[in-house]
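Since the structure comes first, as C-alpha cells, the remarks are kept for the end.
No value in this document is a laboratory result; all are computed from the given coordinates. What you see is a predicted model, and the numbers here were worked out from it, not measured in a lab. Cβ sites come from the backbone with ideal geometry, for glycine too, and all protein chains shown count toward neighbours.
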Amino acid sequence: MEIHEVAAALSSDARAQFLLWLKDPETHLGQQYNGHLTPHGASLSLLSSKAGLSVSATSRHLERLLRVGFVRTTRVAPFTFYARDEDAIAAGFRVLDQVRR
C-alpha cells in the first residue's frame, strides 16, 4: 500500500463518509428492508440512497476504497454488500503515519 493510494482513497468526503457509516452501519444507516443491511455490511443501493448519489457514482467511490483494501465485498445475489476491512484501514493509517515522522 502506497502513501499516494491511501491519500487518494481518503481525499473524498463521500469516501470518508462511507467509511464512517460502515463502521457502525446500524446506527448510521438504520434499518432497511429486503436484506440491504446484513452481517455482510451495507448494500450499494443503501449507501447510494443515504449519500444522495447515483448508484454509478457510489460504485466508483467504493471501487476506489476496494482498490486500497479499505472495504471488502460479499455477493449475495442480487446484492453486493460492502463492509470495512479494519486491518487494511489500520495499515493505511500506518502508511500515512510515515509522512508525519
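Brief remarks on what is shown
- Residues of region 56-80 satisfying the condition of being free of Cβ contacts under 8 Å to residues at least 24 places away in the same chain and under 18 Å from residue 2 (Cα atoms): 63, 66
- Condition met for residue 18 (assigned to a helix (DSSP H, G or I) and of a type in the set (Phe, Trp, Tyr)): yes
- Close Cβ contacts (under 9 Å, 6 or more residues apart or on different chains) running from residues in region 43-55 that are in a helix (DSSP H, G or I) to residues that are of a type in the set (Asp, Glu) are absent.
Let's see how each residue does on (1) under 15 Å from the mean Cα position of the chain (by Cα); (2) surrounded by fewer than 17 Cβ atoms within 10 Å (Cβ to Cβ); (3) outside any helix (DSSP H, G or I):
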site	(1), (2), (3)
60	yes, yes, no
64	yes, no, no
67	yes, yes, no
72	yes, yes, yes
81	yes, no, yes
87	yes, yes, no
90	yes, yes, no
96	no, yes, no
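- Count - residues of region 40-58 that are within 12 Å of residue 18 (Cβ to Cβ) and surrounded by fewer than 15 Cβ atoms within 10 Å (Cβ to Cβ): 1
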